[in-house]
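Below is one structure, written out as structure tokens; the observations come after it.
The values are calculated or read from the model by the stated rules, or taken from the named source; none is laboratory data. In this text, all values refer to a predicted model and were calculated from it rather than measured experimentally. Glycine also receives a Cβ, built like all others from the backbone with ideal geometry; neighbour counts cover every protein chain displayed. With ligands, DNA and RNA removed, areas are computed over all heavy atoms of the protein, side chains included. Shrake-Rupley method; radii C 1.70, N 1.55, O 1.52, S 1.80 Å.
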Amino acid sequence: MRVEVRGVEPQASDQIGFSIGGMGEELLRPVEWKAHAHPFHELLWNPRGASTIAVGSRLWSVAGADGLWIPAGTEHSGWAGAGTLYRAVLLSPEAVETMPGDVAAVTMTALLTSLLDHIDSQDLTDEQRARAQAVVPDLIRPSEVQVSLRLPARDPARTAARAVLEDVRSAPSAHEWAERLGISTRTLTRSFQAETGVGYARWRAEARVHRARSC
């Protein structure tokens, strides 16, 4: 199925015009979002399906109860499969005071998602919506477990990692990769250690977990 590539137009901070806004879409085809940043905070989650968000050298999975907090000004890109129903809550930095300063996984509790649905209701008065919006920042908290996949930035680990992500189920062993690249297994392992903090075998295992969470 053909992938739809979307760009996101730059926005100025004075274009926000809201305290807390929301949007969502059911994707009829796979979608890739080019790298971009917003002048507002963003909370992403998927009531159905899964998506992957790339921030710097890390990949984050968004699926099920695992949402993702992206602070204003943070450059990110992403992709999601056909059939994914995604939601995004947009928060004006001026409207919220104490919020996570870094990208973080957020547990989308039933209370938080219900409140966000309530705010989206067209039947609320401005006063009712303002009261509900005031509670939202108190419910957005980083998850106890932060799961992301660190991507190598330099070779030889970078070349091996890109190939693994393309077909993680049949990814070769460190010895096989070393032979393909014409280096020693020790050199490959050291490269992964330096770039990601773990050796190739551990990184490949983490990549498989990441891919399973994204499917």
Unmet requirement for GLY73, which otherwise passes all of (1) without any contact (Cβ under 8 Å) to a residue 40 or more places away in the chain; (2) in contact with a Pro (Cβ under 8 Å, 6 or more places away or on another chain); (3) crowded, with 17+ Cβ neighbours inside 10 Å
(3)
Here the qualifying pairs (Cβ atoms under 7 Å; residues six or more apart or on different chains; first in the range 184-209 and more than 16 Å from ARG158 (Cβ to Cβ); second part of a helix (DSSP H, G or I) and not β-branched (Val, Ile, Thr)) come out as SER184/ALA178; THR185/ALA174; THR185/HIS175; THR185/ALA178; ALA201/ALA174
Single residue of the range 55-70 satisfying the filter (buried (at least 18 other Cβ atoms within 10 Å of the Cβ) and among the small types (Gly, Ala, Ser)) that is farthest from the chain's Cα centre (by Cα)
ALA63
For the range 166-180 the number of residues that are crowded, with 16+ Cβ neighbours inside 10 Å and touching a residue at least 24 places away in the same chain (Cβ under 8 Å) is 3
Going through (1) surrounded by fewer than 19 Cβ atoms within 10 Å (Cβ to Cβ); (2) within 20 Å of GLU166 (Cβ to Cβ); (3) touching a helix residue (DSSP H, G or I) at 6+ places or on another chain (Cβ under 8 Å); (4) not aromatic (Phe, Trp, Tyr) one by one, SER51 fails only at (1)
Reported set for the range 108-157 where residues are in contact with a Lys or Arg (Cβ under 7 Å, 6 or more places away or on another chain) and β-branched (Val, Ile, Thr) is ILE119
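Looking at the range 185-206, can you tell me whether even one residue there is open to solvent by 80 Å² or more (accessible area, probe 1.4 Å), under 30 Å from HIS41 (Cα atoms) and under 19 Å from the mean Cα position of the chain (by Cα)? Before the answer, list the steps.
Narrowing the range 185-206 to residues open to solvent by 80 Å² or more (accessible area, probe 1.4 Å): 186, 190, 193, 202.
Pick out the ones that are also under 30 Å from HIS41 (Cα atoms) and you get none.
No: zero hits.
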Any chance the range 113-120 includes a residue that's at pLDDT 90 or above, open to solvent by 50 Å² or more (accessible area, probe 1.4 Å), among the hydroxyl-bearing types (Ser, Thr, Tyr) and in a helix (DSSP H, G or I)?
yes
Restricting attention to helices (runs of 4 or more DSSP H) lying wholly within the range 159-215, give those where 2 or more residues are in contact with a strand residue (DSSP E or B) (Cβ under 6 Å, 6 or more places away or on another chain).
200-214
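Rundown of residues vs (1) in contact with a Gly (Cβ under 8 Å, 6 or more places away or on another chain); (2) surrounded by 15 or more Cβ atoms within 10 Å (Cβ to Cβ); (3) basic (Lys, Arg), yes/no style:
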| residue | (1), (2), (3) |
| --- | --- |
| ALA88 | yes, yes, no |
| PRO93 | no, yes, no |
| ALA105 | yes, yes, no |
| THR125 | no, no, no |
| ALA130 | no, no, no |
| ALA134 | no, no, no |
| VAL147 | no, no, no |
Give the residues of the range 47-89 that are among the hydroxyl-bearing types (Ser, Thr, Tyr) and in a loop (DSSP other than H, G, I, E, B), sorted by residue number.
SER57, THR74, THR84
